[in-house]
Amino acid sequence: MDVVGCAFVLIGGFLGGVLRFAISGAVARTVGETFPWGTLVVNVTGDFVIGSLAGMISAVGGIMATAYFRDFAVVGLLGGYTTVSSFALQTLNLVVEGEGRRAWGNVGLSVALGLLAVGTGFWLASQLFG
């Protein structure tokens with residue numbers, strides 16, 4: 001990746017992270033924190049936006065299909081906002097390509113291994129620092 005592409009990712013990531021913080025916090029303050037509603041809202045809206053962008057890039061092309069636009073919007077902005085949007089788009093792509101088993105494998109492995117990794121990291125840190 002070139003310096004300009006890195007700059008687009010940096011700016012998008014900054015904006016996405018700030019948006020995630022603001023939206024997730026606003027939702028949590030509004031409806032409470034007994035369930036991670038803020039995170040759910042961020043993840044679902046991120047999924048919607050990345051799907052919309054992928055559809056527009058596919059249909060329109062032009063400036064939207066440039067690497068710099070994708071660097072900014074998909075990798076930076078949505079990567080900073082939520083990584084679940086990339087996961088959802090990649091899983092959808094598998095379904096569209098007729099790879100339903102791989103799509104379900106991606107879902108199952110991502111959730112199971114993600115929970116295992118979080119639990120292992122938590123346990124290890126508590127052993128080392130607790």
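Close Cβ contacts (under 9 Å, 6 or more residues apart or on different chains) running from residues in the stretch 88-104 that are surrounded by 13 or more Cβ atoms within 10 Å (Cβ to Cβ) to residues that are in a helix (DSSP H, G or I) and of a type in the set (Ser, Thr, Tyr) comprise THR91/SER110; ARG102/THR91; ALA103/THR91; TRP104/THR91. Name the single residue, out of those in the stretch 24-46 being buried (at least 18 other Cβ atoms within 10 Å of the Cβ) and more than 13 Å from the chain's Cα centre (by Cα), that is farthest from ARG70 (Cα to Cα). In this case the residue turns out to be VAL27. Residues that are assigned to a helix (DSSP H, G or I) and in contact with a Gly (Cβ under 6 Å, 6 or more places away or on another chain) were ranked within the stretch 80-130; the one that is nearest to PHE8 (Cα to Cα) is GLY80. Consider the stretch 100-122 and keep the residues that are of a type outside the set (Gly, Ala, Ser) and modelled with pLDDT under 90. The one that is nearest to VAL84 (Cα to Cα) is VAL118. Here is a check on your reading of the model: is GLY114 exposed (fewer than 14 other Cβ atoms within 10 Å of the Cβ), small (Gly, Ala, Ser) and assigned by TED's automatic domain parsing to the domain that holds ILE50? No: the conditions fail for GLY114. Restricting the stretch 1-10 to residues that are hydrophobic (A, V, I, L, M, F, W, C) and in a helix (DSSP H, G or I) leaves a set whose member that is surrounded by the most Cβ atoms within 10 Å (Cβ to Cβ) is PHE8.
Each row is one residue, and each column tells you yes or no for (1) of a type in the set (A, V, I, L, M, F, W, C); (2) more than 17 Å from ARG20 (Cα to Cα).
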position	(1), (2)
ASN43	no, no
VAL49	yes, no
ILE57	yes, yes
ILE63	yes, yes
VAL84	yes, no
LEU92	yes, yes
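Of all the residues in the stretch 49-63, those that are surrounded by 12 or more Cβ atoms within 10 Å (Cβ to Cβ) and closer than 12 Å to VAL74 by Cα number 6. One residue stands out among those in the stretch 30-70 that are free of Cβ contacts under 8 Å to residues at least 12 places away in the same chain, of a type in the set (Ser, Thr, Tyr) and part of a helix (DSSP H, G or I): the one that is farthest from THR83 (Cα to Cα), which is THR30.
Within the stretch 11-21, one or more residues are part of a helix (DSSP H, G or I) and surrounded by fewer than 14 Cβ atoms within 10 Å (Cβ to Cβ).
The values are calculated or read from the model by the stated rules, or taken from the named source; none is laboratory data. Because the structure is a prediction, the values reported are computed rather than measured. No Cβ is skipped: glycine too gets one built from the backbone with ideal geometry, and neighbour counts run over all protein chains shown.
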